[in-house]
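Remarks on the structure that follows.
The values are calculated or read from the model by the stated rules, or taken from the named source; none is laboratory data. Computed from a prediction, not measured in an experiment: that's the story for all the values here. Here the Cβ is made from the backbone with ideal geometry for all residues, glycine too, and neighbour counts use every protein chain on show.
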């Protein structure tokens, strides 16, 4: 497994090895031991989710507050997305900063977004399939969202008018946000 750190501590890009020949390819997309070593501690996933979207769909920026905070390992088996994580950890030197990565079926990068981050993605191709493993079960009472286009976050999505849900369009501004993620 190839591992790349990011400018924000805790966020990692991981890519499994791919073995290919004239027949096609094989890849181990998940290995508990290798992932725990890359992250530096045991991670236990309890839920897997998948979404399919046409190009121009933006989902996020979502998070779940403690004690139901979710870590997510996300990947794109088909298509391409701009994937973004925003640091919401109180006391973090990168609080309020984001990191973006392009994930695709072609490049096979996976993005580890630990608890304490808001997460969102923009689909860049039609028929994009997005898959993620979560460390906590979905808990509606703990979910929260920040505005995808919040000027205080300064995320360049590369699109002015993406397709967003009503819930995401009504998400709160970062200036009014008080983080539930203690140091």
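Contact map, the range 161-183: first residue within 18 Å of residue 121 (Cβ to Cβ), second residue at pLDDT below 95, Cβ cut-off under 7 Å, separation 6 or more or different chains; pairs are 168/60. The sole residue among 90, 48 that is more than 26 Å from residue 161 (Cα to Cα), touching a residue at least 24 places away in the same chain (Cβ under 8 Å) and either within 15 Å of the chain's Cα centre (by Cα) or in a helix (DSSP H, G or I) (or both) is 48. If the condition is being at positive phi and surrounded by fewer than 21 Cβ atoms within 10 Å (Cβ to Cβ), then the range 79-95 contributes only 91. Would you check if there is a residue in the range 70-78 being touching a strand residue (DSSP E or B) at 6+ places or on another chain (Cβ under 9 Å), surrounded by 21 or more Cβ atoms within 10 Å (Cβ to Cβ) and on the phi > 0 side of the Ramachandran plot? There is no residue in the range 70-78 that is touching a strand residue (DSSP E or B) at 6+ places or on another chain (Cβ under 9 Å), surrounded by 21 or more Cβ atoms within 10 Å (Cβ to Cβ) and on the phi > 0 side of the Ramachandran plot.
Residue-by-condition table, conditions (1) within 16 Å of residue 131 (Cα to Cα); (2) surrounded by 13 or more Cβ atoms within 10 Å (Cβ to Cβ); (3) at pLDDT 95 or above:
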residue: 1; (1), (2), (3): no, yes, no
residue: 12; (1), (2), (3): no, yes, yes
residue: 22; (1), (2), (3): no, no, no
residue: 33; (1), (2), (3): no, no, no
residue: 40; (1), (2), (3): no, no, no
residue: 48; (1), (2), (3): yes, no, yes
residue: 53; (1), (2), (3): yes, yes, yes
residue: 56; (1), (2), (3): no, yes, yes
residue: 59; (1), (2), (3): yes, yes, yes
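Can you say whether residue 141 is out of contact with any helix residue (DSSP H, G or I) (no Cβ under 8 Å at 6 or more places or on another chain), over 25 Å from residue 109 (Cβ atoms), surrounded by fewer than 16 Cβ atoms within 10 Å (Cβ to Cβ) and modelled with pLDDT of 95 or more, as far as the supplied structure shows? Judged against the criteria, residue 141 is a match.
Among the numbered conditions (1) in contact with a strand residue (DSSP E or B) (Cβ under 6 Å, 6 or more places away or on another chain); (2) surrounded by fewer than 16 Cβ atoms within 10 Å (Cβ to Cβ); (3) under 28 Å from residue 93 (Cα atoms), the only one that residue 133 does not meet is (2). Just so you know, in the range 5-38 the residues that are touching a residue at least 12 places away in the same chain (Cβ under 8 Å) and part of a strand (DSSP E or B) include one that is nearest to residue 71 (Cα to Cα), and it is 12. Of all residues in the range 96-115 being outside any strand (DSSP E or B) and free of Cβ contacts under 8 Å to residues at least 40 places away in the same chain, which is surrounded by the fewest Cβ atoms within 10 Å (Cβ to Cβ)? It comes out as 106.
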